[in-house]
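Worksheet: one structure, shown below.
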Amino acid sequence: MPELPEPPGDAPRVIDQGSIWILVASPSIWAAHFLISYWVAAVYCAKAPNAAPLMEPRWIAIGLGVFCCAVIAWLAWIAVKRYGGVFLIFEEITESSERGRDKFIGHVSLLLCVLSAVAIVFNIIPGLVLGEC
Amino acid sequence: MEHLFWVLLIGAAVIWCIVIGAAVYAQKASVPDREQQARHFIVWGGAVFPTVVVGALLVWGLVILKDITPNEGDRTIRVDGERWWWRVVYDTDDGPVPTANEIRIPLGETALFKLTADDVIHSFWVPSLGGKMDMIPGRETQLALTPQKLGNWGGLCAEYCGGAHALMRFDTVVMEPDEFDAWLAAQAQPATVDPEDEGYQVFTEEGCGSCHTIRGTDSIGPVGPDLTHFASRERLGAGIYKMTPDNVSDWITDLDNMKPDIDMPSYPHINGARLEALVSFLMSLE
Ligand SMILES: [Cu+2]
């Protein structure tokens, strides 16, 4: 086995050092947001009377969404800064190096961040437009 | 709402042409050194553009949904889905007016239906007047309909609810507002029944009154449809048979053929003069 070249960044390197956590992080936030939204809505609709004001769940929904998107933005920032991820890859990453791996993970994480953020926004929209149980 | 259809149709046609055009172009053109552009095209055309379009359609669709599900109407009608018929109650200033298996609404006014279910999930649907809405046990759902044309529009249960599901329909009669008011006032009245009436005697002897209510008499059974103004309905048996003496007679004696496996027993032993008296009594409940 050839010796691997020194990695350039300070990103965690191999799987057992947790280097791929960033990949699963944003979809997990999406999943958590999805679940929590359902819980909050179900509890709210069960406890609040039919004609309850619509503002409270609205603020919860917006707050939760903004918070989740903020965390995702932070993840995206890490993906760019530490992993050197970019949106568009023009040269295929074929290099079998730590640098190449990091770039690839950064790229995929970035795309997943965008996907998750869009999904969360789509999740919130119906609540804001309809606002009833 | 009609706009939505055309926008979707034309939009879909345009997008289809672009996609097919791109595919044809890709087949024909030799484009080895345009990879850079191609990637931009994929990201903008394949990800950003669809996301924006779908997002916009989502908001638009939701706004329409909000419009067609208002929370108030000019009058409230409560409909309870039962296996396999409809309990209908008009809320009026003078209290509730119960009927069954037929809905009448005035032209041009928004009727707000408050829908519940007694046993299993049913679904309330008058295709000519609007969307359908599930009726869920333990919950109240709402549907607002604003009829634009006079006429009799068929309604039905749109969620499988057991054996006689396919025979669970109702008529929705759209009337001029003043005719409707007169009709509702008549429905609010109790029936005029002579307790000595021969047919009514049969009705009580056979125990029909333990399931059916005829307001203004001792029959106050809550199980089956309210029969106070039974003969004023256009149809019998949850909108499935013409309201004729023959059909009513068959309904009583040959229910297994008319509407099998429902929660009313058949009474094949009622016959002759007793049956005639019972049927003409029922047909007098206008
Ligand atoms: Cu049904």
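The values are calculated or read from the model by the stated rules, or taken from the named source; none is laboratory data. Computed from a predicted structure; not experimentally measured. Every residue, glycine among them, receives a Cβ derived from its backbone with ideal geometry; neighbour counts consider all protein chains shown. When the accessible area is computed, the model is the full protein with side chains, heavy atoms only, and any ligands, DNA or RNA have been set aside. Shrake-Rupley method; radii C 1.70, N 1.55, O 1.52, S 1.80 Å.
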| chain B: angle of helix B:177-188 to the longest principal axis, Cα-based, in degrees nearest 10 | 50
| request: Restrict the search to region B:177-282; then list the trypsin sites (Lys or Arg not before Pro) that DSSP places in a loop and that have at most 14 other Cβ atoms within 10 Å of their Cβ. | output: none
| message | Accessible area per residue for region A:21-129 in Å², computed with a 1.4 Å probe and the full protein assembly in place, what is it? | response | 58
| Among the residues of region B:53-90, which ones have their accessible area go down by 40 Å² or more when all the protein chains sit together, as opposed to their chain alone (1.4 Å probe)? | B:LEU58, B:LEU62, B:LYS66
| note | Expressed in nanometres to one decimal, the distance between label points 7 Å along Cα→Cβ at A:TYR38 and B:VAL48 is 3.4
| field | Å² per residue, accessible surface of region B:161-254 at 1.4 Å | value | 45
| remark: Within region B:121-162, the residues whose backbone N lies under 16 Å from a label point placed 7 Å from the Cα of B:THR110 along the Cα-to-Cβ direction are B:130-131, B:142-148
| How high is the relative contact order of chain B, in percent, with contacts defined as C-alpha pairs under 8 Å that are six or more residues apart? | 14
| task | Provide the solvent-accessible area of B:ASP74, counting protein heavy atoms only and rolling a 1.4 Å probe, rounded to the nearest 10 Å². | result | 100
| field | Options B:THR217, A:LEU130, B:GLN187, ranked by Cα towards positive dipole end of the protein assembly as shown, top entry (Cβ charges) | value | A:LEU130
| message | Placing +1 on the Cβ of each Lys and Arg and -1 on the Cβ of each Asp and Glu in chain B, which of B:ILE121, B:VAL89, B:THR172 has its Cα farthest towards the positive end of the resulting dipole? | response | B:ILE121
| query | From the residues B:LEU107, B:ASN71, B:VAL19, which one has its Cα farthest along the dipole of region B:1-127 in the positive direction, the dipole being from +1 and -1 charges on Cβ of Lys/Arg and Asp/Glu about the Cα centre? | reply | B:VAL19
| field | Charge dipole magnitude, Cβ of K and R +1, D and E -1 - chain B, Cα centre, debye nearest 20 | value | 1980
| Those GluC sites (Glu not before Pro) in region B:112-194 that DSSP places in a loop and that have at most 15 other beta carbons within 10 Å | B:GLU140
| note | Simple SL model, points at 7 angstrom along Cα→Cβ for B:THR92 and A:ARG58; separation in nm is 3.8
| query | Which residue, B:PRO225, B:PRO245, B:PRO98, tops the fluctuation ranking in a GNM of chain B built on C-alpha contacts under 10 Å? | reply | B:PRO245
| Using +1 on the beta carbon of Lys and Arg, -1 on that of Asp and Glu, and nothing else charged, what's the dipole of the protein assembly as shown about the Cα centre, debye to 20? | 2380
| Got a number for carbon plus sulfur as a percent of region B:75-188's accessible area, 1.4 Å probe? | 51
| note | On complex formation of A with B, accessible surface lost, both sides summed, probe 1.4 Å, nearest 100 Å², amounts to 1300
